Every structure is written in C-alpha cells, then in structure tokens.
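First comes the structure, then the notes that go with it.
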Amino acid sequence: MNHHEFKTLILPFKNRLFRFAIGIVGQTAEAEDVVQEVFIKLWKNRQQIAQISNVEAWCITATKNLSIDKLRSKHQRMVPMAAGFDLHDHSATPYEETVTHDVFDQVRNLMGRLPEKQRDIMQLRDIEGLSYQEIAETLNVPMDQVKVYLFRARKAVREGMRHEV
Amino acid sequence: MKALIEKYFEGETSLEEEARLRDYFNSGEGVAEDLREFQPLFQHFSTERDRGLSDDFDEALFQKMDLPDTKVVRMNTRPRHLLRIAAVGAVLVGAMFFLQKNNSTHAQQASIDWSKYEIKDEKIAYEETVKALKLLSNKLNKGTKRAGEEMKELEKVGKYFN
C-alpha cells in the first residue's frame, strides 16, 4: 500500500473515527491525536492490511481501545467524563452558539453518561447512520442485541432530557 | 411525525425514517409545539455528523507516517552483562600478561649465580637485609597508593556502565 492508496481507502474513515473518539475522550484535540495514532499504527503494519476483513471496523475498534487508554492514562473515570467535554462548535455563528450550546451540551452529556455499549451503538446509529448489520459487525455484537442496546440508550436519553429540561 | 418519534424511541425506525426526523427538526420553524422538546436531540445528531477533523490533519499525518520509529534505546540487562564479562576478561588478560612478564624476569634472574655476590660479613648482611626490607616496604606502600588511585579511576569509568 502506498500513500495514494492509503488516502483513497483508509483516510475517508477519518471523520467517523474522530467523532467516535470524541464520544469517549470528550476533547477534540485528544480525539485528533487518537485518530492520528490509529492511522500511523495501521500504516506501520500495512503489510497485514490485506488480512483484515473489515478495515473500517478494525479502525473503529483501534480508535475505541486507544481512546479508552488515553482516558485511563489521564486517570479520568468514564462516568464524570461528560462534565469535562469540550465540544464547542467553533464553526457556528455566535447566535447559533448561544441558542444551541446549552441544549447540545445536555444531549452530549446524556450520551456520554450511557453505558459503553449503549453509547457506542447510539453513536454509530444516530450520528454515523450505520445499519444494524454494520453496527453488529463493527462492534462484534449480535444484531438482536444491537437493537436492544439502542432501544435502552434512546430511552435513557429521552428520560434524561425530561429530567433536565 | 409524533408517531414516527415514538417509533424512533421504540428502536423500530429505518435509516430513512431517522433521516426524515433529522430533516424535520432541522427545518426550524415548522416544528410542532409539542415536539419541540425533541428538537435538541435531532439537531445534535445533525451537528455532530458535520463535525470533522481540521484541514491540516492529512498533511500532519503523512509527515508523521514516514518518520522512523523513535524508540528510546536503553541499555538493557544483556548488554550490561556482556560489558561486565568483557571487563572481567580484560582484567584477566591484563593479569596474565603481567604474570608472564614477571615470570620471565624471574627466569632471567634465576640464571644469575648469586653465590658470587653473597655477603660473608653478618653485620653487613643484616644491614643489607634491613635496607632491602625498607625498600620492599616502600615499594609496597607505593603500590597500595597506586592501587587506590586506580580504583578511583575504575569507579569513575564504572559510572558509565550503571
């Protein structure tokens, strides 16, 4: 694999991986570091890429593991992580920021506080738009379980919104 | 739309229906009053979908991708042991060389006929013996001092191996 192939085959996953990392580490700068490390790791082992059946799923798993490592190395716990989220949308206009910042933070925090599997599945479905089949393959979870986790995640977020509004 | 939202929370919506929900809540003014509470959720999904890495990510990545692995090379146990073995070997070789040299001096000395130089007078013999012992003691002291200096030097060198 050369740079050009890497650019066309692997690099298109970058934003999805970035968003997935944000869902775990909370900080955009750290999420960017995670994605970079995952890609460098894959590049260094490019001879083995052909043996990976689903490269995107491999990347998501690597992103997840590395994000968790980053969190652990910072001695941050998973539960209060949402409080430290720095996900200000810098591209929004000042008006949009004022209106949406608080409510978006609330939704992010609710999702961030979900149990790991529920959070990952809700992220892949509602933000990344993956099918149940794709989620099942990516996270190595049976498809019927994916539906159950998603149902629980959405229910928890709905209840959370009711309580906090 | 309300029925679709309920379907969403039941986990029964298709990807297309979920896209319809996002479009509906992002349209802004058209959202029914009783559905406003769900607006932040679907707006959040849309905003997150647009979130991406900074423009300079690719360039920084490709620069780092081809850098050689920067591993810190530490002297682990094996080279240290090897160095110790090498140091002991060097000392042994040095000692052998020194002994051999001494032995050869001895061999040369053995061929000298000392009986010619033997002192007959007891007093002179006593004085000569005292003189010889003093010289020996002096040399031995010098040797100890030198050995001490050598040890200090060795300690200095040894620091680099620890």
* To do: Provide the per-residue ³J(HN,Hα) series for region B:153-158, in order, calculated from phi with Karplus coefficients 6.51, -1.76, 1.60 and θ = phi - 60°, each as a whole number of Hz, with x at glycine and proline positions.
  => 4, 4, 4, 4, 5, x
* Quick one: longest stretch of chain B between exposed loop trypsin sites (Lys or Arg not before Pro), exposed meaning at most 13 other C-beta atoms within 10 Å and loop per DSSP? -> B:1-70
* Asked: To the nearest 10 degrees, how steep is helix B:77-110 against the longest Cα principal axis of chain B, on a 0 to 90 scale?
  -> 10 degrees
* Rounded to whole Hz and in sequence order, give me ³J(HN,Hα) for region B:14-27 from the Karplus expression 6.51 cos²θ - 1.76 cosθ + 1.60, θ = phi - 60°, writing x for Gly and Pro. => 8, 4, 5, 5, 5, 5, 4, 4, 4, 4, 4, 6, 8, 6
* To do: Evaluate 2.2 N^0.38 Å with N set to the residue count of region B:2-51, then give the Cα radius of gyration divided by it.
  => 1.07
* Radius 10 Å from Cβ of A:GLU56, net charge of other residues (Lys, Arg +1; Asp, Glu -1) -> -1
* To do: Mind giving me the nanometre distance, one decimal, between the label points for B:MET65 and B:VAL130, set 7 Å out from Cα along Cα→Cβ?
  => 9.2 nm
* Would you please give the FRET efficiency between B:LYS116 and B:MET96, computed as 1/(1 + (r/R0)^6) with r the Cβ-Cβ distance and R0 = 25 Å, to the nearest 0.05? => 0.15
* To do: Go through region A:110-126 residue by residue and turn each phi into a ³J(HN,Hα) via Karplus (6.51, -1.76, 1.60, θ = phi - 60°); whole Hz please, and just put x for glycine and proline.
  => 4, 5, x, 8, 5, x, 3, 5, 4, 4, 4, 5, 5, 4, 5, 7, 7
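Quick note: the coordinates plus some simple rules give every number you see, no bench work behind them. Because the structure is a prediction, the values reported are computed rather than measured. Glycine gets a Cβ as well: all are built from the backbone with ideal geometry, and neighbour counts include every protein chain shown.
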